[in-house]
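Heads up: the structure comes next, in structure tokens.
Nothing in this text is a laboratory measurement; each read-out follows from the coordinates by a stated rule. All of these numbers come straight from a predicted model, not from anything done at the bench. Reconstructed Cβ throughout: ideal geometry from the backbone, glycine too, with neighbour counts over all protein chains shown.
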Ligand code: SF4
């Protein structure tokens, strides 16, 4: 297969001042190009109407402007929208728009597949295929924003969105591209998003958390623990489980304290596996008095692996143990239960034919 050209959208905002990119054009042309690519999210060269045609042609010969083609769009009865995008090398990734009370949340993929092998996750089943580039991550944002602009969510009215790195892949396993995409999102000359609107969700591998602490990007952190004791965590999440619960929590706490924002612990509730009150007590003992809140997420049924969400009474009992220990714990129903909204399901179903 022919090698794709470099992706223009992978450049961070300051890189648009590079003389090599400008190729003799004045500096303000670099500003205009950056605005089209990042601030305006242009998906076609023809839109860049204020750039000289000859320069546009030279740019188009050297760079790719887009990397994603829409393959499927599913809309749930609860408003969740799921997208499958084909990449230039033919593989596919998913992104989701989740309606929230006052805004939409964009759930982005960071890798094709994933190496973390979590038992409850459809993405894990094919292993890691490759990392996404920053431009491939950012283009998901622009494509979802375009969809939202064309078809606004009825209750939300506006077009405001938050971003969570919670789709396919482990974001901290592709840190360079994720760090560059965070910079593009939050830079005043990029997408100019508040850091409060961006959240990295991780399964908590030690090396990844250490990179995050060192880089201090100032965005929110969600840690998915899976289990409150090490043996159970290793069974459920074999690769991130090499980092003990205590280590993962300590590193997430350090990041939370450095950032001055509480971190979130995401806890997937699986019937007969992660839903007993003994585990809730162990989790509470790890988190009590520390800067965390907990999101309890009943499993999105995968249909063919025998795992299922718990009954409501068990979910409430689990929550009560945490709240009795003084920990804020919220039940988050994952959207799109009538579509393939759990991470990796749509891609997997396409791959299965
Ligand atoms: S849950 Fe996340 S980290 Fe675990 S395998 Fe799935 S995509 Fe990877």
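Between residue 61 and residue 312, what FRET efficiency comes out of the Förster formula 1/(1 + (r/R0)^6) with R0 = 51 Å and r the beta carbon distance, rounded to 0.05?
Computed FRET efficiency for residue 312 and residue 61: 0.30.
Describe numerically, in nm with one decimal, the distance between label points set 7 Å from Cα along Cα→Cβ at residue 176 and at residue 32.
3.3 nm
Out of all Cα-Cα pairs in the chain, roughly what percent, to the nearest whole number, are more than 29 Å apart?
41 percent
Residue 150 to residue 130: extension gain in nm, 0.36 nm per residue of separation minus the Cα-Cα distance?
The span from residue 150 to residue 130 would gain 4.1 nm if fully extended.
Would you mind getting me the FRET efficiency between residue 86 and residue 183? Use the beta-carbon distance for r and R0 = 35 Å, nearest 0.05. Before the final figure, lay out the partial values.
Details: r = 26 Å, r/R0 = 0.75.
So, using R0 = 35 Å, E works out to roughly 0.85.
At residue 40 and residue 192, where each label point lies 7 Å from the Cα along Cα→Cβ, what is the point-to-point distance in nanometres?
Result: 1.4 nm between the two label points.
What shape does segment 89-148 have by the C-alpha gyration tensor, where a ≥ b ≥ c are the square roots of the eigenvalues, rounded means a/c under 1.5, and otherwise prolate means a/b greater than b/c and oblate the rest?
Oblate is the answer for segment 89-148, as a/c is 1.5 or above yet b/c matches or exceeds a/b.
Would you work out the relative contact order for the chain, in percent, from Cα pairs under 8 angstrom that are 6 or more residues apart? Please report the intermediate quantities before stating the final value.
On the way: 688 pairs, mean separation 54.6, N = 353.
Relative contact order of the chain: 15 percent.
Efficiency by 1/(1 + (r/R0)^6): what FRET value for residue 320 and residue 53, r their Cβ-Cβ distance, R0 = 56 Å, to the nearest 0.05?
Efficiency computed from Cβ-Cβ geometry: 0.30.
What is the distance in Å between the Cα centroid of segment 41-80 and that of segment 187-240?
One Cα centre to the other: 29 Å.
Rounded, prolate or oblate for segment 149-195? Axes are the square roots of the Cα gyration tensor eigenvalues, ordered a ≥ b ≥ c, and the cut-off for rounded is a/c under 1.5.
Because a/c hits 1.5 or more and a/b fails to exceed b/c, segment 149-195 counts as oblate.
Cα axis of helix 175-186 to longest principal axis of the chain: angle in degrees, 0 to 90, nearest 10?
70 degrees
Return one quarter of the surface area of the convex hull spanned by the alpha-carbon atoms of segment 1-157, equal to its mean projected area, in nm².
11.3 nm²
May I ask for the Rg/Rh ratio of segment 72-180, computed from Cα atoms with Rh as the Kirkwood radius, given to two decimals?
Here Rg/Rh amounts to 0.97.
Counting only C-alpha contacts under 8 Å and six or more residues apart, can you give the relative contact order of segment 67-133 as a whole percent? Intermediate results must be reported in sequence, preceding the final value.
Details: 115 pairs, mean separation 13.1, N = 67.
Rounded, it is 20 percent for segment 67-133.
Given the options 61, 192, 216, state which has the largest fluctuation in a GNM of the chain using a 10 Å cut-off (strictly under) for Cα springs.
Its mean-square fluctuation being the largest, the pick is 61.
How far apart, in nanometres, would the label points at residue 229 and residue 333 be if each is projected 7 angstrom from Cα along the Cα-to-Cβ direction?
Here the answer is 3.3 nm between the modelled labels.
Once fully extended, how much extra length lies between residue 71 and residue 246, figured as 0.36 nm per residue of separation less the alpha-carbon to alpha-carbon distance?
58.8 nm
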